[in-house]
Amino acid sequence: METIKTKISVGSDRHLSLQLPQDLPPGDYEVLVVLSPKTTQKPEKKYPLLGLPIALDDDFDEPMPELWEALEE
């Protein structure tokens with residue numbers, strides 16, 4: 001079994017014509033046609049936070065003794 005994947009455009013006559021590979025021997029074959037609508041989704045951003053402003057709280061670098069106490073328990 002061989003799988004061939006290609007893109008097509010459907011015309012008003014609704015006929016499908018395709019060129020098969022030259023190394024495919026003549027003979028009888030079973031063909032399966034799967035129609036999958038072309039999606040028009042925007043590509044997913046790789047870095048969704050890129051360009052957003054960064055804001056740190058005023059107490060960002062102050063010690064947090066309650067965390068050290070939790071680690072001792």
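The values are calculated or read from the model by the stated rules, or taken from the named source; none is laboratory data. Note that this is a predicted model, so its numbers are computed, not measured. Ideal geometry is used to build each Cβ from the backbone, glycine not excepted, and the neighbour counts take in all protein chains shown.
Quick notes on this one:
- Residue list for the stretch 50-73, filter: modelled with pLDDT under 85 and either surrounded by 10 or more Cβ atoms within 10 Å (Cβ to Cβ) or aliphatic (A, V, I, L, M) (or both): Met64, Leu67, Ala70, Leu71
- Some residue of the stretch 29-39 being on the phi < 0 side of the Ramachandran plot and surrounded by 10 or more Cβ atoms within 10 Å (Cβ to Cβ): yes
- Residue, nearest to the chain's Cα centre (by Cα), within the stretch 19-73, restricted to residues that are small (Gly, Ala, Ser) and part of a loop (DSSP other than H, G, I, E, B): Ser36
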